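J.: My structure is below; once you've seen it, I'll send some questions.
The values are calculated or read from the model by the stated rules, or taken from the named source; none is laboratory data. Being a predicted model, the structure only gives us computed values, none of them experimental. Ideal geometry is used to build each Cβ from the backbone, glycine not excepted, and the neighbour counts take in all protein chains shown.
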Amino acid sequence: MTKQGMRRGEPAPGPDAVVLRGGGIERDVLIADAETNFAVYGFYGLSVWVPADADGEATLLATKLLKSRIVRRFLVADLLARGLEMWDTGQSPHYDLVYVRDGDVETLVDAVIATHNTTLINPHHDPDGGADT
Amino acid sequence: MIYIDLDADLNMEDDDGRNFARFTPPADAPAVGDVLVAGRPDFWSWVVIDDVDDEIVYFHQVSTRHAAQLATLVADMPRAV
């Protein structure tokens, strides 16, 4: 049974905003992830994080992405140029990358993979750590 | 190399900030309260299972220290008979 995911209704991030995703971007893995999102929320989406600024990026690398050894770093403008949309889902600064013009999961994943990105080695990486809230 | 119990995208969160993943029932069905390793080789964490709903499992990440307080993290070595 799918859930009704709520959009936060925030202003869209600017074109120069950074978009982070922990882990690799292997095609088969991304397709499986988007299908998991579809199973829960009824749309194909890939989870990413959008820090507000450089300090926010460092904070994300030390919190939500603490346990990711590598992090992919995109820019909003590059993702939008590939026909992707950014939906403000979940808790800020979480977003879903979606491809609205065509609901096909492979189109979504291929657009993400084709988007220019860089790979960061997370300087805060600590798979044993965490806040235990 | 870490052994992953539950394949999961740890970027993925629901509206309550919980991670979630799909599993294939019934063979690898986790139960509420289970302490597992979830994620992928380059992005994994010890987690505690919060809820299981059909084929979707919800969980939260914990430190190794906290996981060790909740469960035995190392499996027994097999003994020769």
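J.: Take the residues in the stretch B:49-63 that are within 10 Å of chain A (Cβ to nearest Cβ) and more than 21 Å from A:D28 (Cβ to Cβ), then tell me which one is modelled with the lowest pLDDT. It would help to see each step written out before you state the result.
T.: Going residue by residue through the stretch B:49-63, those that are within 10 Å of chain A (Cβ to nearest Cβ) are B:53-56, B:58, B:60-63.
Right, trim to more than 21 Å from A:D28 (Cβ to Cβ) and you get B:53-54, B:58, B:60-63.
Values: B:D53: 90, B:D54: 86, B:Y58: 97, B:H60: 96, B:Q61: 96, B:V62: 96, B:S63: 96.
Within the stretch B:49-63, the match that is modelled with the lowest pLDDT is B:D54.
J.: Would a scan of the stretch A:55-75 turn up a residue that is at the interface with another protein chain (Cβ under 9 Å from one of its Cβ atoms), in a helix (DSSP H, G or I) and free of Cβ contacts under 8 Å to residues at least 12 places away in the same chain?
T.: There is no residue in the stretch A:55-75 that is at the interface with another protein chain (Cβ under 9 Å from one of its Cβ atoms), in a helix (DSSP H, G or I) and free of Cβ contacts under 8 Å to residues at least 12 places away in the same chain.
J.: Of all residues in the stretch A:108-133 being polar (S, T, N, Q) and at pLDDT 95 or above, which is nearest to B:Q61 (Cα to Cα)? Break it down into steps so the answer makes sense when it comes.
T.: Of all residues in the stretch A:108-133, those polar (S, T, N, Q) come to A:115, A:117-119, A:122, A:133.
Those left that are additionally at pLDDT 95 or above: A:115, A:117-119, A:122.
On the way: A:T115: 30, A:N117: 27, A:T118: 26, A:T119: 24, A:N122: 18 Å.
Restricting to residues being polar (S, T, N, Q) and at pLDDT 95 or above, the top hit is A:N122.
J.: Further, regarding this structure: Name every residue in the stretch B:1-21 that is touching a residue at least 24 places away in the same chain (Cβ under 8 Å), assigned to a strand (DSSP E or B) and crowded, with 20+ Cβ neighbours inside 10 Å, in order of residue number.
T.: If the condition is that a residue be touching a residue at least 24 places away in the same chain (Cβ under 8 Å), assigned to a strand (DSSP E or B) and crowded, with 20+ Cβ neighbours inside 10 Å, then B:L6, B:N19, B:F20, B:A21 are the ones that fit.
J.: From the residues in the stretch B:5-37 that are among the hydrophobic types (A, V, I, L, M, F, W, C) and within 8 Å of chain A (Cβ to nearest Cβ), which one is nearest to A:R7 (Cα to Cα)?
T.: In the first step, residues of the stretch B:5-37 are kept if they are among the hydrophobic types (A, V, I, L, M, F, W, C); the result is B:6, B:8, B:10, B:12, B:20-21, B:23, B:27, B:29, B:31-32, B:35-37.
Next cut, within 8 Å of chain A (Cβ to nearest Cβ) only: B:10, B:12, B:20-21.
Numbers: B:L10: 20, B:M12: 15, B:F20: 18, B:A21: 21 Å.
If we take residues in the stretch B:5-37 being among the hydrophobic types (A, V, I, L, M, F, W, C) and within 8 Å of chain A (Cβ to nearest Cβ), then B:M12 is nearest to A:R7 (Cα to Cα).
J.: Give me the residue from the stretch A:25-37 that is in contact with a helix residue (DSSP H, G or I) (Cβ under 7 Å, 6 or more places away or on another chain) and more than 9 Å from every other protein chain (Cβ to nearest Cβ) and, out of that set, surrounded by the most Cβ atoms within 10 Å (Cβ to Cβ). Walk me through how you get there before you give the answer.
T.: Of all residues in the stretch A:25-37, those in contact with a helix residue (DSSP H, G or I) (Cβ under 7 Å, 6 or more places away or on another chain) come to A:25, A:27, A:30-31, A:34-35.
Filter once more, so that each one left must be more than 9 Å from every other protein chain (Cβ to nearest Cβ): A:25, A:27, A:31, A:34.
Values: A:I25: 18, A:R27: 12, A:I31: 17, A:A34: 26.
For the stretch A:25-37, the residue satisfying everything is A:A34.
J.: Within the bounds of the stretch A:99-118, is there any residue that is hydrophobic (A, V, I, L, M, F, W, C), crowded, with 18+ Cβ neighbours inside 10 Å and over 19 Å from A:G23 (Cβ atoms)? Break it down into steps so the answer makes sense when it comes.
T.: Taking the stretch A:99-118 and keeping what is hydrophobic (A, V, I, L, M, F, W, C), we get A:100, A:105, A:108-109, A:111-114.
This time we only want the ones that are crowded, with 18+ Cβ neighbours inside 10 Å, so: A:105, A:108-109, A:111-112.
Now restrict to residues that are over 19 Å from A:G23 (Cβ atoms): none.
No, because not a single residue in the stretch A:99-118 is hydrophobic (A, V, I, L, M, F, W, C), crowded, with 18+ Cβ neighbours inside 10 Å and over 19 Å from A:G23 (Cβ atoms).
J.: Continuing with the same structure: Looking only at the stretch A:77-97, which residues are crowded, with 20+ Cβ neighbours inside 10 Å and either closer than 13 Å to A:I31 by Cα or aliphatic (A, V, I, L, M) (or both)? Steps first, answer last, please.
T.: At the first step, the residues of the stretch A:77-97 found to be crowded, with 20+ Cβ neighbours inside 10 Å are A:79, A:84, A:89-90, A:93-97.
If the condition is that a residue be crowded, with 20+ Cβ neighbours inside 10 Å and either closer than 13 Å to A:I31 by Cα or aliphatic (A, V, I, L, M) (or both), then A:L79, A:L84, A:L97 are the ones that fit.
J.: Right, next: Here is a list of conditions, (1) among the aliphatic types (A, V, I, L, M); (2) in a helix (DSSP H, G or I); (3) more than 19 Å from B:D15 (Cα to Cα), and A:V40 meets all of them except one; can you say which number that is?
T.: The failed condition is (3).
Conditions (1) more than 17 Å from A:G103 (Cα to Cα); (2) out of contact with any Pro (no Cβ under 6 Å at 6 or more places or on another chain), marked per residue:
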{"site": "A:R7", "(1), (2)": "yes, yes"}
{"site": "A:P15", "(1), (2)": "yes, yes"}
{"site": "A:I25", "(1), (2)": "yes, yes"}
{"site": "A:G45", "(1), (2)": "no, yes"}
{"site": "A:V50", "(1), (2)": "yes, no"}
{"site": "A:L60", "(1), (2)": "yes, no"}
{"site": "A:R72", "(1), (2)": "yes, yes"}
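J.: Please go through the stretch A:88-116 and pick out each residue that is within 14 Å of chain B (Cβ to nearest Cβ) and either part of a loop (DSSP other than H, G, I, E, B) or at positive phi (or both).
T.: Result: A:D88, A:G90, A:Q91, A:S92, A:P93.
J.: Ok, one more. Taking the conditions exactly as written (surrounded by fewer than 21 Cβ atoms within 10 Å (Cβ to Cβ) and at the interface with chain A (Cβ under 7 Å from one of its Cβ atoms)), does B:R40 satisfy them or not?
T.: Values: surrounded by fewer than 21 Cβ atoms within 10 Å (Cβ to Cβ): yes; at the interface with chain A (Cβ under 7 Å from one of its Cβ atoms): yes.
When the stated conditions are applied, B:R40 passes them.
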